[in-house]
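Below is one structure, written out as structure tokens; the observations come after it.
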Amino acid sequence: MAVPAHHIIAEPPPFEQPPYPGDIFDRRTVLVTGGGSGMGLAMGIAFAQGGASVGVMGRSIERAKEGAAKIAALGVPVHAASCDVRDPDQVATAFDAIEKVLGPVSLLANNAGANFPVLTENMSINAWNAVTRIAIDGTFLCSAEFARRREAAGEGGAIVNNSAQYIWTGFPGDAHSAAAKTAQATMTRKLAQDWAPLGIRVNAVAAGFFPHESSTNGNDPEAIAPLQNMIPAGRTGKTHEFGWLSALLCSPLMDGVTGQVILQDGGESLRRSLMMPDFVPPREREDGPWGWK
């Protein structure tokens, strides 16, 4: 059923109106993993709107530079670095490169990830590792490198992780991603406990559907429409509002918040009811991005 015309659909403020002052991250440097496109780029832009210098890390230096150019258009210092977040030596080298240009990294946005739908019994070990190691190992290695540097400097900082709303429910074709994103959420809580004495806060956003060019459905209106019909808010998320929440969690406005996994899904996780359509197992679905016939 399409969203009825009489339903009130709350929209976020326009991109040009971030919910914090333009200097809230003044003299701060944020490192965004996977920041060249999609949700990571939205994070980088959101921090830039608050005046942060932005380090963009990505496996593809070309994509990282493309994202960095879009962020630099906002008038903040930016630097791109190539890095496979699964390799601790590459992580340390990328931190060094970014800090050499932009100064000490005091904020970290762990976004690097990969995902593609596949039935569990058809999932190769390479497919499993490609998704789980980037999200789990990458988040751990980048966070640990960040914390060591902040402790050595005698200063605190903040980390935000990009998790997912299906960490509590799973999702068709996403055994690898659901496991990885759940691990990120648990890691968020543990690191917040470990590093509170260092003045390092750690939080995560469990994101719902935020269509963008590199997401499974892309951002084609026809592909997005069925998703909007499933969401109580009546729409999918806008990437800039995800970026804003991520940045806010690292801002002084949220200094009392740590160890939290904030759900941002338009109420999609609340739609379970007796009136839902019949459940169709993934392998029996005939169409859509999670159908296999």
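A few points about this structure:
- Among GLN260, GLN17, GLN184: highest mean-square fluctuation, GNM of the chain, C-alpha pairs under 10 Å: GLN17
- Ranked list, fewest to most other Cβ atoms within 10 Å of each Cβ, for TRP128, TRP168, TRP195, TRP244: TRP168, TRP128, TRP195, TRP244
- Over the chain, Cα pairs under 8 Å with separation of 6+ residues give a relative contact order of 18 percent.
- Simple Cβ-charge dipole of the stretch 29-268, Lys/Arg +1 and Asp/Glu -1, about Cα centre, in debye nearest 20: 300
- Near ALA52, the amide H atoms lying under 5 Å from its own belong to PHE25; only residues 5 or more places off or on other chains count, and H is placed 1.01 Å from N.
- From helices alone, the chain scores -11500 deg cm²/dmol at 222 nm; the rule is -39500 (n - 2.57) for each run of n ≥ 4 DSSP H residues, then divide by the residue total.
- Counted by neighbouring Cβ atoms within 10 Å, the residues GLU99, GLU222 run from fewest to most as GLU222, GLU99.
- Correct option for volume of the Cα convex hull per residue in Å³ [calculated from the coordinates] among [x] 137; [y] 164; [z] 123: [x]
- Proxy reagent accessibility, fewest Cβ within 10 Å first, across PHE242, PHE25: PHE242, PHE25
- Rounded to the nearest whole Hz, the Karplus-based 3J(HN,Hα) values (6.51 cos²θ - 1.76 cosθ + 1.60, θ = phi - 60°) of the stretch 105-117 follow the sequence 7, 10, 9, 9, 10, 8, 10, 3, x, 9, 7, 7, x, with x at glycine and proline.
- Close amide H pairs (under 5 Å, H built 1.01 Å from N) link GLY157 with ILE200, ARG201, residues at least 5 positions away or on another chain.
- Span-rule helices in the chain, defined as complete DSSP H runs reaching 15 Å or more along the axis (Cα) with Kyte mean at least -0.5: 38-49, 61-72, 88-102, 138-153, 239-249
- With both labels modelled 7 Å from their Cα along Cα-to-Cβ, the ALA130 to ALA196 distance reads 4.0 nm.
The numbers here are math on the coordinates, done by the rules we state, and not lab data. If you're wondering where the values come from, they're calculated on a predicted model, not measured in any experiment. Reconstructed Cβ throughout: ideal geometry from the backbone, glycine too, with neighbour counts over all protein chains shown.
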